[in-house]
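Working notes, structure below.
The values are calculated or read from the model by the stated rules, or taken from the named source; none is laboratory data. Please read these numbers as outputs of a predicted model, since none were measured by experiment. Reconstructed Cβ throughout: ideal geometry from the backbone, glycine too, with neighbour counts over all protein chains shown.
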Amino acid sequence: MLRSQRCATDHFELERAYRRLTGLRRISRVARRRHSRARFWDPIKPEDVVAVGTALGEQPCRVAGLMTGAREVAWWDGPAVPYEWTDVLAAVERVRAVVRVPVRIEALAVPSWHHGRCAAFILPDGTPFGFAGELHPRVLETLGLPARTVGFELVLDPLVALSEGAIAAAVPVAAHPLAKEDFAFVVPVSLAATDLVRVVHGAGGELVESARVFDVYAGAQVGEGLKSVAVNVVMRASDRTLSAEDVLAVRQAIIAAAEREFGAVLR
């Protein structure tokens, strides 16, 4: 488990800290070959070390990432924008959002990381489960990476254990093209847009992949006490390409449902 410690001041302590960066050491081998402008991610699982034998015992599941070089390349309107340690904080937030576990972020002095540019991620019980920030210059030298490289490493097991089934199942990648339709419904101004979206989504059945509001207008053109709600609907079938007749049938079902439920009028 990663632990927060005082800032390292000698080579021996830095070496110990470097050896704890299991995931970052692993992906740094690739980063050394392609560090002009790159991001690298690596989930490390127990099965990766099965060949070593059972003497190691149970190994934690980790995820690690490195960012180095320019996040935005130089162009006519400005210079290149390098990756910063705040970029890896944002990457960790994406991981945390998946498991939906509340965590605390603290600025700590940790041996492997640059002092003042490192954050520790703390579980509700006070246990640190990862770090992110700019790597210490001596660690970068050991890894063979350019200065100001940023990264993160998390131990996932405690996050998953606290997620209580909140992790969403992966959605299969669609093999067939989508179809889009936009609707503008005139409805009472008191109607919540979320209620309209719910009915629109339900009316299309399994063929509706998503429905979202992209514009709301209230004014003289729609009348007093009314508003126009524009909804974008994405349709897709899992087993075929939708025909024009499929799309028309969904469109008619959506219009009929909105009229039946809310007295909506299509503009």
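Is at least one residue of the stretch 74-82 over 30 Å from S163 (Cα atoms), assigned by TED's automatic domain parsing to the domain that holds G151 and under 21 Å from the mean Cα position of the chain (by Cα)? Break it down stepwise before answering.
Of the stretch 74-82, the ones over 30 Å from S163 (Cα atoms) are 74-82.
With the extra rule that they be assigned by TED's automatic domain parsing to the domain that holds G151, the set shrinks to 74-82.
Subsequent filtering for residues that are under 21 Å from the mean Cα position of the chain (by Cα) retains 82.
Yes.
Within the set R198, R212, R240, the sole residue that is of a type in the set (K, R), loosely packed, with under 11 Cβ neighbours inside 10 Å and within 30 Å of V173 (Cβ to Cβ) turns out to be R240.
Can you pull out the residues in the stretch 105-157 that are assigned to a loop (DSSP other than H, G, I, E, B) and within 20 Å of the chain's Cα centre (by Cα)?
The initial filter retains those residues of the stretch 105-157 that are assigned to a loop (DSSP other than H, G, I, E, B), namely 108-112, 123-127, 136, 144-149, 156.
Answer for the stretch 105-157, where residues must be assigned to a loop (DSSP other than H, G, I, E, B) and within 20 Å of the chain's Cα centre (by Cα): L123, L156.
Entry remark, the stretch 90-104: residues being assigned to a helix (DSSP H, G or I) and either at pLDDT below 85 or of a type in the set (D, E) (or both) number 7 in total. Scoring V216 on the criteria (1) modelled with pLDDT of 90 or more; (2) of a type outside the set (F, W, Y); (3) out of contact with any Asp or Glu (no Cβ under 6 Å at 6 or more places or on another chain) leaves a single failure, condition (1). Selection within the stretch 179-199: residues that are more than 22 Å from A244 (Cα to Cα) and among the small types (G, A, S). The member of this set that is farthest from the chain's Cα centre (by Cα) is S190. Can you name the residue in the stretch 126-149 that is aliphatic (A, V, I, L, M), touching a residue at least 24 places away in the same chain (Cβ under 8 Å) and farther than 11 Å from V92 by Cβ and is also surrounded by the most Cβ atoms within 10 Å (Cβ to Cβ) among such residues? Checked the stretch 126-149; the qualifying residue surrounded by the most Cβ atoms within 10 Å (Cβ to Cβ) is L135. Only one of the numbered conditions (1) of a type outside the set (F, W, Y); (2) surrounded by 15 or more Cβ atoms within 10 Å (Cβ to Cβ); (3) in contact (Cβ under 8 Å) with a residue 24 or more places away in the chain is violated by H176, and that is (2). For A109, the conditions (1) farther than 30 Å from S238 by Cα; (2) at pLDDT 85 or above; (3) surrounded by fewer than 20 Cβ atoms within 10 Å (Cβ to Cβ); (4) among the small types (G, A, S) all hold with the exception of (2). Scanning the stretch 219-236 for residues that are under 17 Å from A174 (Cβ atoms) and of a type in the set (G, A, S) turns up nothing.
Only one of L162, L196, L242, L248 is under 30 Å from G65 (Cβ atoms) and either at pLDDT 90 or above or assigned to a helix (DSSP H, G or I) (or both). Can you tell me which?
Values: L196 fails: under 30 Å from G65 (Cβ atoms); L242 fails: under 30 Å from G65 (Cβ atoms); L248 fails: under 30 Å from G65 (Cβ atoms).
The match here is L162.
Every test in (1) modelled with pLDDT under 85; (2) out of contact with any helix residue (DSSP H, G or I) (no Cβ under 9 Å at 6 or more places or on another chain); (3) closer than 15 Å to L66 by Cα is passed by D87 save one, and that test is (1).
Answer yes or no: is there a residue in the stretch 37-55 that is at pLDDT 60 or above, under 23 Å from the mean Cα position of the chain (by Cα) and within 13 Å of G151 (Cα to Cα).
Keep residues of the stretch 37-55 that are at pLDDT 60 or above, which gives none.
Within the stretch 37-55, not a single residue is at pLDDT 60 or above, under 23 Å from the mean Cα position of the chain (by Cα) and within 13 Å of G151 (Cα to Cα).
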